[in-house]
Amino acid sequence: MQLIILNERNLLSLHVELDGISTLNEPYKTLVPTSLYHCHGSNHLVIPTRDYCFAPSLSDTCCAVDFIHDDT
């Protein structure tokens, strides 16, 4: 399993194969559409998180953990 943390601008120039990408950005801040991830063979989980002052909910966090384990 490989965990890479980067922003979406860097992802466009990344030349490694990723099984899945989790995005915590709000929809208006998301630069790369889910369809583009799917075109490159990667799954995409979107958990919109308001600003940096609020953490994802427990259910969203559990969903992200399941997503990571399912993609490995």
statement: Selection from the range 15-59 of residues small (Gly, Ala, Ser) and either under 21 Å from His69 (Cα atoms) or in contact with a Cys (Cβ under 9 Å, 6 or more places away or on another chain) (or both) yields Gly20, Ser22, Gly41, Ser42, Ala55, Ser57, Ser59
message: Looking only at residues that are part of a loop (DSSP other than H, G, I, E, B) and at pLDDT below 85 in the range 57-72, which one is nearest to Tyr28 (Cα to Cα)?
response: Asp71
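The values are calculated or read from the model by the stated rules, or taken from the named source; none is laboratory data. Please read all numbers here as calculations on a predicted model, not as lab measurements. No Cβ is skipped: glycine too gets one built from the backbone with ideal geometry, and neighbour counts run over all protein chains shown.
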